[in-house]
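**Student:** Could you have a look at this structure, given as structure tokens, before my questions?
Read the figures in this text as sums done on the coordinates, not as results from a lab. Predicted model, so just to flag it, every value in this text is computed and none were measured. Cβ sites come from the backbone with ideal geometry, for glycine too, and all protein chains shown count toward neighbours.
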């Protein structure tokens, strides 16, 4: 699986004789590949989503609209005052969990 990992600032090319041409300014997407064992796709999606949430490298193409999650943040649910502190704590934990890329989760064990 490939997830966005940023953009280049310049590209290089070779002439017909094989010599290296001077760099050209360009903004081309770069991706990071995440590989796994057969049938480990759910874990790969989890890792890719965590990376994207932590790094925010994705830029929508100019001819397409941004994703809904990139345009308007969702409104927080209305919570009774007694449960407000518990809801804030839960929201902080959920955000921390989404943004953290835990090395332990990146290791995949082969089942025998």
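**Student:** How many nm separate the modelled label positions at residue 53 and residue 92, each set 7 Å beyond the Cα in the direction of the Cβ?
**Tutor:** Distance between the two pseudo-spin positions: 1.7 nm.
**Student:** How would you order 12-22, 27-37 from highest to lowest mean count of nearby Cβ atoms within 10 Å?
**Tutor:** The most tightly packed comes first, giving 27-37, 12-22.
**Student:** Here's something else I'd like to know. Please check which bits of region 21-60 a label hung off residue 12 would reach, taking the label as a point 7 Å along Cα-to-C-beta and the cut-off as backbone N under 15 Å.
**Tutor:** The answer is 21-26.
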